[in-house]
Amino acid sequence: MNEKLEKTGIRTVARLSGFSTATVSRALNNPQSVSEETRTRIQAVIEQTGYVPHGMARALSSNRTRTIGAIIPTIDNAMFARGIESLQKYLSSRGYMLILSTNGYDIDVELEQARNLIGRGVDGLILRGDCHHQALRDLLAARDIPFINVGIYNPTQPHASIGVDNEAAAHRAMMHLIEIGHRRIGVVSALQRNNDRASARIRGFKRALAENGLDLPAEWHVEVRYTLDDAREAARQILTGQDVPTAIACGNDVLAYGVMLEAERRGLSVPTDLSVVGFDDLEWSRHLRPALTTLHVPTDLTWKGAGEYILARLEGFRVPNHYEVDYSLVIRESTAPPSQKMIQ
């Protein structure tokens with residue numbers, strides 16, 4: 001190791017930057033507590049000298065590791081990827097590092113992953129949804145580790161949450177199809193096991209149908225994994241036979257993509273022969289032809305908000321436990337009133 005870099009310490013950074021060691025320490029451990037000019041000068045010296053703060057020493061002196069853990073079901077999901085990117089960017093701006101883990105929608109795996117993260121000293125934990133082992137909640141309470149459930153809004157529960165009201169949003173999506181004249185509507189949804197978001201969206205779809213005197217035949221509702229292949233297979237099941245729906249509501253955009261692809265393969269025109277509505281408003285949704293009608297959910301703001309909640313708790317602020325994120329229906333080209341031949 002270069003001798004100059006090896007001997008570089010916080011005192012050297014303080015001397016070369018013209019600040020006290022206390023100011024340098026604050027800039028490193030709590031960047032928001034010093035001015036941007038101060039941070040810039042100190043960072044320039046750090047880059048010049050190659051100084052790297054010793055993580056263990058910082059943890060011992062502050063009783064913090066400045067790491068936040070997040071456990072999500074999978075990284076094979078554009079929505080999660082976008083949210084994690086936003087969270088990582090925010091935490092980095094505050095001098096924190098994100099440690100990411102996946103559980104595959106398995107709460108036993110999630111509990112084990114959480115134990116591992118806590119064993120590595122994370123200061124806070126961000127979880128997806130509110131389907132968790134009680135043992136996990138007890139562990140976090142016993143260790144006084146702040147956590148928040150992302151992707152849901154559930155003020156009836158004591159555990160912090162941030163997200164849309166999934167049932168209300170799904171209700172709005174289904175109402176759009178009903179309002180433009182559809183009466184025979186199918187549903188392709190994500191699997192409900194350990195997925196309270198999927199369950200809430202199904203409740204919203206069914207509530208809108210029931211309020212309008214419409215049924216959802218069992219053969220028109222298929223639950224699948226989050227893949228295009230499975231979504232296409234679901235569409236094949238629903239669209240096989242003489243009695244088929246004129247529209248399909250999907251639990252997320254990827255499932256909607258699969259339904260549209262299968263409809264095209266079967267010679268159906270979207271939306272002339274089949275209207276399709278999604279949920280999430282992923283980047284690809286507006287670029288498809290036809291572009292997808294969907295529920296817009298501000299994923300970036302939701303995950304950043306989760307990070308803001310955790311850091312506020314760590315800094316001792318009293319903050320609300322629940323944050324409802326607004327959604328909006330984005331009407332594009334994949335939905336239209338049913339044609340006369342489809343109604344007959």
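The values are calculated or read from the model by the stated rules, or taken from the named source; none is laboratory data. Predicted model, so just to flag it, every value in this text is computed and none were measured. Don't worry about glycine lacking a Cβ; one is built from the backbone with ideal geometry, like all the others, and counts go over all protein chains shown. Accessible surface is based on the protein model in full, side chains and every heavy atom, while ligands, DNA and RNA are left aside. Shrake-Rupley method; radii C 1.70, N 1.55, O 1.52, S 1.80 Å.
Things to note:
- In the chain, helices alone account for a calculated mean residue ellipticity at 222 nm of -14000 deg cm²/dmol, with every DSSP H run of four or more residues adding -39,500 (n - 2.57).
- Cα centre as origin, Lys/Arg/Asp/Glu Cβ charges: the range 212-344 dipole, Debye: 180
- For the range 272-312, the solvent-accessible area of protein heavy atoms averages 34 Å² per residue (probe radius 1.4 Å; ligands and nucleic acids excluded).
- A Cβ-based charge dipole, computed about the Cα centre of the range 279-344 with Lys and Arg at +1 and Asp and Glu at -1, lands at about 240 debye.
- Computed with a 1.4 Å probe over protein heavy atoms only, the accessible surface of the range 111-152 comes to 39 Å² per residue.
- Which of Thr156, Gly83, His221, positive extreme of dipole for the chain (C-beta unit charges): Gly83
- Accessible-area composition of the range 195-293, carbon plus sulfur, in percent [1.4 Å probe]: 48
- In the set (i) 25.0; (ii) 21.4; (iii) 22.4, the label that goes with Kirkwood radius over Cα pairs in Å computed for this structure is (iii).
- Shape call, the range 256-344: gyration tensor on alpha carbons, a/c limit 1.5: prolate
- Based on C-alpha pairs under 8 angstrom that are at least 6 apart in sequence, the chain has a relative contact order of 16 percent.
- Computed about its Cα centre, the charge dipole of the chain is approximately 1060 debye, with only Lys, Arg, Asp and Glu carrying charge at their Cβ.
- Taking the charge dipole of the range 216-296 about its Cα centre, with +1 at Lys and Arg Cβ atoms and -1 at Asp and Glu Cβ atoms, the residue from Cys250, Thr240, Pro290 reaching farthest to the positive side is Pro290.
- DSSP bridge pairs, the chain: antiparallel proportion in percent, nearest 5: 10
- When only Cα pairs below 8 angstrom with a gap of at least 6 residues are kept, the range 254-313 shows a relative contact order of 24 percent.
- The relative contact order of the range 186-344 comes to 20 percent, based on Cα pairs under 8 Å that sit 6 or more residues apart.
- DSSP beta bridges confined to the range 209-331 are antiparallel in about 40 percent of cases.
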